[in-house]
1. For the chain, take the longest principal axis of its alpha carbons; what is the angle in degrees between that and the long axis of helix 94-106, to the nearest 10 within 0 to 90?
2. What angle, in degrees between 0 and 90 and rounded to the nearest 10, separates the Cα long axis of helix 329-344 from the longest principal axis of the Cα atoms of the chain?
3. Per-residue counts of other Cβ atoms within 10 Å, averaged by peptide: what ranking do you get for 148-154, 241-247, 133-139, highest first?
4. Would you calculate, for the chain, the mean residue ellipticity at 222 nm contributed by helices, counting each DSSP H stretch of 4 or more residues as -39,500 (n - 2.57) and dividing by all residues, to the nearest 500?
5. Only residues of the range 264-303 count here: report those whose backbone N is under 17 Å from the spot 7 Å along Cα→Cβ of residue 19, or say none.
6. Indicate the gyration tensor shape class of the range 13-148 (rounded, prolate or oblate), computed on the Cα atoms with a ≥ b ≥ c the square roots of the eigenvalues: a/c under 1.5 is rounded; otherwise a/b larger than b/c is prolate and the rest oblate.
7. Looking at the range 38-192, what % of its DSSP beta bridges pair antiparallel, to the nearest 5?
8. Could you state the number of Å between the C-alpha centres of the range 87-153 and the range 331-380?
Ligand SMILES: *Cc1c(COP(=O)(O)O)cnc(C)c1O
């Protein structure tokens, strides 16, 4: 297949010569061209020739209310006329104050303070540093280690990689990283025959308890992706695990960091995934969808007790971290507009109906003999395809583009994480075309 564009014939070669694309082997683009996008509208992305692609992955899990959403556009345009940016050390502004106040109202009770970063990985870095610094300020300087779940993903900077369990990264960058220990993932696909998701989650929580019992004196925090481990291939698990993890972390004096960078902002059906377990973590990480997919922004919400441990006369007891664009006003306005849409459109309720509709429409996928472990949490769907093709992901991506779909499988796991504005007609198209692609590749 070819993506050469009559309307902009050299954009691909110019991109390949000047842009080093992320998460890519650049040489693969010789046989597997880039897709040049010129505009977006709702769930659709358009290339230079006007061909459209349904953005089933919300552009790497960030978009919530469609591309070029008029309400978010208007909020950013309004802010542009007032203040584009000011440093947040020593200065403040209305958008960052309002966003912090609103998040405090919306998040699980007790998370009273918002610390700002620029992307997901920096939120992870902030939480890890803040947790260890808290213990140092509290007279336990030996608590400097962390644990995460098997197959965890918390970002790709060196600190975040130390709590990320991806073999490819460990092989390439292990020498640079103080790799931290992992505990078993409650992913229900790993349950024994006849064992339900909840029973398996509780069995994994026992393994967590053993680890905490043995190592708590050295442990600062346990970092976890609540309910869905995204980069692990949309591994889903029962909220009982989180409830138990909260109890155990409190009992053993270890912080619980909820990384809701991907699952927050309504993705799992509640505004924050932790709500489904009825817990308040010590740190709540927010990014990706918070700006509706418009601008980079991340937030680390912390419990009051954490905040108080830094409040003192000495500079060195304060939290030492900054980014140039911390709390950028344009990004905060995009976030406020995103929260307005949640409120004005009663999005969480509307999504319950959308989720049920897509489950109904997707029945033929669920029934397909080569599809396994079809699963859904809120506005996330995933399944594995039994395929003879070792390069299934790339073939599926290519066939997707021919069928107006931006599908980006992880291995043989196909997932849908569409913008919330997807309509039933678009769901129908998504399922029919995906079924056609699965049939072609099995
Ligand atoms: C995407 C993601 C991150 C990293 O966010 P970036 O903005 O890509 O740095 C961290 N944790 C989880 C769970 C994510 O999905």
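1. 90 degrees
2. Long axis of 329-344 versus the principal axis of the chain: about 80 degrees.
3. So the order, starting with the most tightly packed, is 148-154, 241-247, 133-139.
4. After summing the helix terms and dividing by the residues of the chain, the value is -11500 deg cm²/dmol.
5. 294-296, by backbone N distance to the label point.
6. oblate
7. In the range 38-192, DSSP labels about 70 percent of beta bridges as antiparallel.
8. 28 Å
Here, each number is a calculation from the coordinates, and none is a lab measurement. The structure displayed is predicted, hence computed values, not measured ones. Using ideal geometry, Cβ is built from the backbone for each residue, glycine included, and neighbour counts are taken over all protein chains shown.
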